[in-house]
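**Q** The structure under discussion is supplied below as structure tokens; questions concerning it will follow.
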Amino acid sequence: MLELKNITKTYHKSSSLFTALDNISLKVDRGDYLLVSGPSGAGKSTLLYVAGGMIRPDAGEVKYEGEDISGMNNKAKNEYRRKHVGFVFQQFHLMPFLSVLENIKMACYERSQLEAVDSYMEKCFLTPLRNKKPSELSVGEKQRTAFVRAIITRPGLLLADEPTGNLDPANSEILMSLIDDFHREGGTVLLVSHNPVASKYAGKQIVLSEGKIVSGE
């Protein structure tokens, strides 16, 4: 489904060169639930953003269903993300002047997705909050709104970058169980997390250190 082949990504940091990913190769099959862990600065988020077509690698290929994502132009990458990928971040990236309902609907591009909004909101305990703005929500409510927005298009791949990083244990458990439901319904998950709870859901795990996979796979 998703294949990263010989991926290298470097950044200029002050006067030095920092290697975030160092010739990494990784294959994620349809239906996988892969947990990516490792120390801060190991390259975890960069790996996720490369997989989502948000960062272009300096070398290597990213393929989704056999199609080279890394070589696409911006328009094609936007279409790839819109149709195939859902993103959940530690920061919620909700539109502050839109309601919960409007934030979710803005991700929809088909009638069937719009028709599914109410059931997803009910499942994620958001129905009573449908008309509230993000400023009126708790941290957990914001993250659940961001989660529904990410999966409302029924993407094949969910990329989650420390989604429980700002949540208390109770809300972390709720969100992790929702991600697990997405996986059980056939979705593929690539999750970056330090949360020890995540390992009980993931079927596979890799550990990154200094831009390299040091265990797993």
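The values are calculated or read from the model by the stated rules, or taken from the named source; none is laboratory data. All of these numbers come straight from a predicted model, not from anything done at the bench. Positions of Cβ are backbone-derived with ideal geometry, glycine not excepted, and every protein chain shown enters the neighbour counts. Only protein heavy atoms, including side chains, enter the accessible area calculation; ligands, DNA and RNA are left aside. Shrake-Rupley method; radii C 1.70, N 1.55, O 1.52, S 1.80 Å.
**Q** Does region 126-196 come out rounded, prolate or oblate by the C-alpha gyration tensor, with a ≥ b ≥ c the root eigenvalues, rounded set by a/c under 1.5 and, if not, prolate when a/b is larger than b/c and oblate if not?
**A** Oblate, since a/c reaches 1.5 and b/c is not below a/b.
**Q** Could you go through region 126-142 in sequence order and give the Karplus-derived ³J(HN,Hα) for each residue, using 6.51 cos²θ - 1.76 cosθ + 1.60 with θ = phi - 60°, rounded to whole Hz, and x for Gly and Pro?
**A** Per residue, the Karplus-derived 3J(HN,Hα) values read 10, 4, x, 9, 4, 9, 7, 8, x, 5, 9, 9, 6, 4, x, 5, 4 Hz.
**Q** Continuing with the same structure: Just want to confirm a number: the relative contact order over the chain, from Cα pairs under 8 angstrom separated by 6+ residues, in percent. Present the calculation step by step, with values, prior to reporting the outcome.
**A** Numbers: 405 pairs, mean separation 66.4, N = 217.
Normalised by residue count, the contact order of the chain is 31 percent.
**Q** Can you bin region 28-75 into rounded, prolate or oblate? Criterion: square roots of the alpha carbon gyration tensor eigenvalues sorted a ≥ b ≥ c, rounded for a/c under 1.5, prolate for a/b above b/c, oblate for the rest. Before the final figure, lay out each step's value.
**A** Details: a/c = 2.48, a/b = 1.29, b/c = 1.93.
It comes out oblate by the Cα gyration axes.
**Q** Please work out how much length the chain gains when fully extended from Gln205 to Leu98, using 0.36 nm per residue of separation minus the C-alpha to C-alpha distance, in nm with one decimal. Don't jump to the answer; show the numbers that get you there.
**A** Working: separation 107, 0.36 × 107 = 38.52 nm, distance 3.68 nm.
Stretched out fully, the Gln205 to Leu98 stretch lengthens by 34.8 nm.
**Q** Here is a follow-up. Please report the antiparallel percentage of the DSSP beta bridges confined to the chain, to the nearest 5. Could the numbers behind the result be given before it?
**A** Numbers: 20 of 38 bridges.
Close to 55 percent.
**Q** Can you pull the one-decimal nm distance between simple spin-label points at Glu115 and Ser15, each 7 Å off the Cα toward Cβ?
**A** Placing both labels 7 Å beyond Cα along the Cβ direction yields 6.4 nm.
**Q** With a 1.4 Å probe and all protein chains left in place, how much accessible area per residue does region 88-217 have, in Å²? Each step should come with its number before you reach the end.
**A** On the way: 6180 Å² over 130 residues.
Heavy-atom accessible area per residue stands at 48 Å².
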